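Step one of this worksheet: look at the structure below.
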Amino acid sequence: MRAAGGHGARRVCRALRDHPDPARLRPALQPVNALALIAPLLERLAGELPATAPQGHNIVGAQIAIGSLFSIHILIAGLVSGAGELGPAIEFLGFMRQRRGYDRLAHGLGRFITYYFSFSSTIAILLITVLLVGFWGHFWTTIVTIAWWPLFIEAWTFVLQVSLAYIWYYTWDPLRGFKGLHMAIGGLLAIASFLQVYMIDVVASYMLTPTTPQNPIRLVLNATSYPLTVHRTVGNLAYIGFVIGAFCAIRFVRAKTVQDKAFYDWAGSFGLLWGISMTLLQPIVGYSYAKEIQLHAYGSWYKMMLGTLSPVFLWQITLLGLMFLTATIYFARRLRTNGARGAGLLKVMAVGLVLTTLLAAQPYHLGFTYAAVASAGLDRPFWEGGLINPLGSMIPWKVLALMSYTLIAIAAVVWYLRGLPGVVWGAARRGEQRLLMLMAVLTILMMVTMGFIRENSRAPFLISGEMTIQGQQNVQPTVSPSPSGGG
């Protein structure tokens, strides 16, 4: 381009500004069609993706995907359900004792429910609409057909639970002058939370101990429905207590004011006390649940106690001992921090729990397979050339260990409560806060372990004795030949 009168910078700029088509002076760019770029990728995907869902062909992948997401869902949903049941109880306790700390803690649980229920709901929707339909479509169709009424009730109790949770939380200040009405809303929330979990437990228990599917009453009252519901309800209540302790430990470390430190110190101790008190019921509840499995699903019970899952069961009972031990050490350290009475005896109890845990963790079979133990002699201990460890037997040693766990933990709770009048809230050390965080980690490991044992005890079945994991095949009953002469 030439500028009239010369090629000075000012003349060139004026010529550029006055050009009739400025777009022609820009760098040359060729238009690119985005569809042309992604079309080869779409064609490749169309050739590689199957026309239908996997439907159980990749069993390992399905188990990993569904098992992992179910574990995450249960860990979050268990907290929400536990908070929905514990929060109203704490509010009522604060009203009866006229202590603002309880009201603040209950209000915090309401905030937690409204914030975090959506996470567990999102995972549940992903499981139901994508993974279960895609990997185990035949199973999901069958279980929905059989358990339609429990799932229908569960859906509406979930809607009721969410609605009541929002009402309970957002009317906290407006209904402060009508505390009875507000606590009634909280009571309805606790009932809805329990019913929602109960309906899910009906489906889960049916998969282990199925009954006549045409009878809804027998479906709801199957052999393991009641013990599983009690076991999971107590577990959720303990779980939320331990997580309260861990959350308050983190907030205590970050607190700036004396008032906040005092509150989070007290709330962390309260959460641990509540969680360990609920856990004290689990040896009895868990034993009754295992007994029902033994009576009505012996194959699953055998796999848990003597078969391939027995090492995982040993890990579970060891985890229980570690939980009681960690709580007892916290009690001793917290009393010692303020010089309150009882710390020395709690240390002795901790030693007793260490010895009890070592007894509980003893394996009965010292071989990798049951066949190896049988070939070495089922009735011979290891010092006589066999592969039997008598100290690892369920009766009496495992039962004795469970009884010792319970008695020592009860004594530790009582002794800690006796020493609480000498505790100054807000003076805790970081060591106690680490123990509270450790308790939450141990509880999460315990819940994942229990879920793994329960779900894998049915293998190779999705519905025990009725439908296998391999290809989701229905099991046909074997017809015995009629005896000769029979009509």
- Checked against (1) surrounded by fewer than 17 Cβ atoms within 10 Å (Cβ to Cβ); (2) under 23 Å from residue 461 (Cβ atoms); (3) touching a residue at least 40 places away in the same chain (Cβ under 8 Å), residue 139 satisfies every condition except (1)
- Which residues, taken from segment 142-186, are closer than 30 Å to residue 219 by Cα and either more than 25 Å from the chain's Cα centre (by Cα) or among the hydroxyl-bearing types (Ser, Thr, Tyr) (or both)? 142, 145, 146, 157, 163
- For residues that are out of contact with any Pro (no Cβ under 6 Å at 6 or more places or on another chain) and either of a type in the set (A, V, I, L, M, F, W, C) or not in a loop (DSSP other than H, G, I, E, B) (or both), tally how many sit in segment 348-392. 30
- Given 275, 299, 271, 286, which one is in contact with a His (Cβ under 9 Å, 6 or more places away or on another chain) and assigned to a helix (DSSP H, G or I)? 286
- Item | Boolean, residue 163 is polar (S, T, N, Q) and under 24 Å from residue 451 (Cα atoms) | no
- Tell me which residues, restricted to segment 270-279, are among the hydrophobic types (A, V, I, L, M, F, W, C) and either on the phi > 0 side of the Ramachandran plot or surrounded by fewer than 20 Cβ atoms within 10 Å (Cβ to Cβ) (or both). 270, 273
- Go through the residues of segment 187-209 one by one and say whether even a single one is under 24 Å from the mean Cα position of the chain (by Cα) and part of a loop (DSSP other than H, G, I, E, B). yes
- Query: Which residue, of 195, 181, is touching a helix residue (DSSP H, G or I) at 6+ places or on another chain (Cβ under 9 Å) and not aromatic (Phe, Trp, Tyr)?
  - Reply: 195
- Among the residues of segment 320-330, is there at least one that is assigned to a helix (DSSP H, G or I) and modelled with pLDDT under 90? no
- Message: Pairs needed: first member in segment 188-211, closer than 11 Å to residue 150 by Cα; second member anywhere, aromatic (Phe, Trp, Tyr) and assigned to a helix (DSSP H, G or I); C-beta distance under 8 Å; at least 6 residues apart or different chains.
- Response: 196/158
- Note on the structure: Okay, helices (runs of 4 or more DSSP H) sitting entirely in segment 75-162 with 2 or more residues that are at pLDDT 90 or above and more than 30 Å from residue 64 (Cα to Cα), I get 100-126
- Across segment 223-258, the tally of residues that are free of Cβ contacts under 8 Å to residues at least 40 places away in the same chain and among the small types (Gly, Ala, Ser) stands at 2
- Could you please let me know if residue 247 is surrounded by 22 or more Cβ atoms within 10 Å (Cβ to Cβ) and modelled with pLDDT of 90 or more? no
- Do we have any residue at all in segment 245-264 that's assigned to a helix (DSSP H, G or I), closer than 19 Å to residue 82 by Cβ and in the same structural domain as residue 393 (by TED's automatic domain parsing)? no
- Within segment 288-314, how many residues turn out to be surrounded by fewer than 17 Cβ atoms within 10 Å (Cβ to Cβ) and of a type in the set (D, E, K, R)? 1
- Message: Checking residue 285 against (1) in the same structural domain as residue 327 (by TED's automatic domain parsing); (2) aliphatic (A, V, I, L, M); (3) modelled with pLDDT of 95 or more: exactly one of these is not met. Which one?
- Response: (3)
- Flag if residue 371 is surrounded by 13 or more Cβ atoms within 10 Å (Cβ to Cβ), in the same structural domain as residue 340 (by TED's automatic domain parsing) and not charged (D, E, K, R): no
- Query: If we scan segment 224-232, do we find a residue that is part of a loop (DSSP other than H, G, I, E, B) and on the phi < 0 side of the Ramachandran plot?
  - Reply: yes
- Message: Within segment 374-410, take every residue that is hydrophobic (A, V, I, L, M, F, W, C), within 17 Å of residue 306 (Cβ to Cβ) and within 35 Å of the chain's Cα centre (by Cα) and give me the one that is surrounded by the most Cβ atoms within 10 Å (Cβ to Cβ).
- Response: 388
- Apart from one, (1) within 29 Å of residue 212 (Cα to Cα); (2) out of contact with any Gly (no Cβ under 7 Å at 6 or more places or on another chain); (3) not hydroxyl-bearing (Ser, Thr, Tyr) all hold for residue 89; the odd one out is (1)
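The values are calculated or read from the model by the stated rules, or taken from the named source; none is laboratory data. Here the structure is a predicted model, which means the values were calculated and not measured. Neighbour counts run over all protein chains shown; Cβ positions are idealised from the backbone, glycine included.
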